[in-house]
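Encoded as structure tokens, the structure appears first; notes follow it.
Here, each number is a calculation from the coordinates, and none is a lab measurement. Predicted, not measured: the structure shown is a model, and the values here were computed from it. So basically every Cβ, Gly included, is an ideal-geometry build from the backbone, and we count neighbours across all protein chains shown.
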Amino acid sequence: MIQQIMEPWRWQMLFAEWPKFLKAFGITLEISVLALALALVLGVIFGLMSTSHNPLLRIIARVYVEFFQNTPLAIQVFFVFYALPYASIVLSQVTIGILCVGIYTGAYMSEAVRAGIGSIPKGQFEAAASQGFTYIQTMMLIVLPQTIKIILPPMVNQMVNLIKNTSIVTMIAGGDLMYRANAYATNDVMSYGPSYLLCGALYFVLCFPLTTWARRYEARLKNRDVITNTKKDKVEEVAA
Amino acid sequence: METFEAVFTPDNVRYILLGYGTTIKYAAISIILSIIIGTVMGLIRNYDKFILKRLTGLYIEVFRNTPNLLWVFVCFIAAPFDTIFARCCCAYVLFTSAMMAEIVRGGLNSIPKGQFEAAASQGFNFIGTLWYIIIPQCFRRIIPTMMSQVITVIKDTSFLAQVAVGELLYNTKDLMSKMYVYTGHATTFTEMCLLFGFAMLLYFVTCFTLSCIMRYYQRRLNRGQGVSQ
């Protein structure tokens, strides 16, 4: 592998294919962004459901989270790709990627949201109720804005996981970055060294700023105040 | 019921369970090795002052920010081992040990400095302090987080299907493509659901059991802390 990386002609060949890689990178980005939007929406909805007073809603949220956290994303993707066509539901690979990765990460996001809401003191809810806020208003205007600060770091970490997980689309030939790199790596001259290195570098460029930001933010939070800190500890324990 | 019997012939069930065994084998070896390596790296990252700290930091950043699937591909082709088993485990050990190192570092950071000073006052040397005082406390705190990483590893072994290792997902997919031979007619949606459902159930039972243990442990941990405070 190292020997391959040292050979300039392999790199020249690789960069002749650069437009294809760029397109594949675009597909990875597209899946990531849309899946993230889906995951955030699902995360907030199911996070709220799991803190509601209605036991039925709580059970639904619980089942959703446990199912998606305890089965591999790959098998979910395979099921949608191979089995659903027999029920005459045919989706494109990119759509499958967005839906599966989004729903899968949604389960993790909802756990973070649940933990965040759990860390808000009960008095806040009571105070809001005494001022005539409805449930939705309490959540949207009072509780969720307070939780954002605490749940942001775990959420950004989940975002990084989401980006990394989009590589699973490779398993159903989705044309994403990993797929392109792997296809190039196993071509006639077997230039796997440069190909995998480029692929890794591109994923790194996407994820590194996010993880670094999350770590710095967390460190800043730790120095700032004690109250947020005790809340954060609680969230970390639950969101782990 | 007929469909059920057609799909789950003794041979098929044995084949899937064989895949399940392979999954567990890969996961177990990878987890054990990566916990050991991760702990060592976490300690180096936190307590070394110089070049080793930088190196482990770099290692952790590289592996945390690239997909596990990439390392499965890379190690499958390029890892310097003879057997496929060793090469694939190598991928998971490389990736997961970086995650474990981060988790261990988080645990070490939460241990008060006073512990070190107290140990020094009792005549413990540095290694002794780590081994008898710091690591036990650190592990007690990070076991829940570690367990969730363990669950992730078990789930991620399904990537091995992509490099044709006969683990649970690969065997399931393999059966799926040969199903019409067993049943004698074109595959139906119900059969697909049964087959995938069985594989999902196996994964679910394994991971859910672990996460229940994790939660039980976490509750006990929280209770313990409550008393000591």
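Which ones in region B:59-78 are surrounded by fewer than 19 Cβ atoms within 10 Å (Cβ to Cβ) and either touching a residue at least 12 places away in the same chain (Cβ under 8 Å) or under 26 Å from A:Met159 (Cα atoms) (or both)?
Going residue by residue through region B:59-78, those that are surrounded by fewer than 19 Cβ atoms within 10 Å (Cβ to Cβ) are B:59, B:61-62, B:77-78.
Across region B:59-78, the qualifying residues are B:Tyr59, B:Glu61, B:Val62.
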| remark: Considering region A:23-57, residues that are of a type in the set (Ser, Thr, Tyr) and surrounded by 18 or more Cβ atoms within 10 Å (Cβ to Cβ), and then whichever is farthest from A:Met109 (Cα to Cα), we arrive at A:Thr28
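Identify, from the list B:Gly184, B:Gly128, B:Gly166, the residue that is among the small types (Gly, Ala, Ser) and within 30 Å of B:Leu70 (Cα to Cα).
Just a single option satisfies the conditions, and that option is B:Gly166.
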| request: Could you tell me whether any residue of region A:142-149 is farther than 30 Å from A:Gly26 by Cβ, of a type in the set (A, V, I, L, M) and more than 20 Å from the chain's Cα centre (by Cα)? | output: yes
| request: With respect to B:Leu43, determine if the residue is more than 14 Å from every other protein chain (Cβ to nearest Cβ), out of contact with any His (no Cβ under 7 Å at 6 or more places or on another chain), assigned to a helix (DSSP H, G or I) and within 27 Å of A:Val156 (Cα to Cα). | output: yes
| remark: Going through region B:36-57 in order, the residues found to be under 23 Å from B:Ala86 (Cβ atoms) and surrounded by fewer than 19 Cβ atoms within 10 Å (Cβ to Cβ) are B:Ile36, B:Ile37, B:Val40
| remark: (1) surrounded by fewer than 17 Cβ atoms within 10 Å (Cβ to Cβ); (2) more than 14 Å from chain B (Cβ to nearest Cβ); (3) touching a Lys or Arg at 6+ places or on another chain (Cβ under 9 Å) all hold for A:Val189 apart from (2)
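Restricting to region B:153-176, give me the number of residues that are at the interface with another protein chain (Cβ under 9 Å from one of its Cβ atoms) and either within 18 Å of B:Phe8 (Cα to Cα) or of a type in the set (S, T, N, Q) (or both).
If we filter region B:153-176 for residues that are at the interface with another protein chain (Cβ under 9 Å from one of its Cβ atoms), which is where we start, we get B:154-159, B:161-162, B:168-169, B:172-173, B:176.
After this cut, where a residue has to be either within 18 Å of B:Phe8 (Cα to Cα) or of a type in the set (S, T, N, Q) (or both) as well, the list is B:157-158, B:162, B:168-169, B:172-173, B:176.
The qualifying residues number 8.
Which is out of contact with any strand residue (DSSP E or B) (no Cβ under 9 Å at 6 or more places or on another chain), crowded, with 17+ Cβ neighbours inside 10 Å and within 28 Å of A:Met178 (Cβ to Cβ), of B:Leu108, B:Leu169? Walk me through how you get there before you give the answer.
Values: B:Leu108 fails: within 28 Å of A:Met178 (Cβ to Cβ).
Every option except B:Leu169 fails the conditions.
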| field | Matching residues in region B:1-12 - criterion: being within 30 Å of B:Phe85 (Cα to Cα) and without any contact (Cβ under 8 Å) to a residue 40 or more places away in the chain | value | B:Pro10, B:Asp11
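Taking helices (runs of 4 or more DSSP H) that fall entirely within region A:37-151, which contain at least 1 residues that are away from chain B (no Cβ under 14 Å) and of a type outside the set (A, V, I, L, M)?
Details: elements: A:55-70, A:73-78, A:93-118, A:122-130.
Ranges flagged: A:55-70, A:93-118, A:122-130.
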| message | Under 8 Å between Cβ atoms, which residue pairs at least 6 apart in sequence (or on different chains) link something in region B:180-196 that is more than 8 Å from every other protein chain (Cβ to nearest Cβ) and small (Gly, Ala, Ser) with a partner that is loosely packed, with under 14 Cβ neighbours inside 10 Å and part of a helix (DSSP H, G or I)? | response | B:Ala186/B:Tyr180
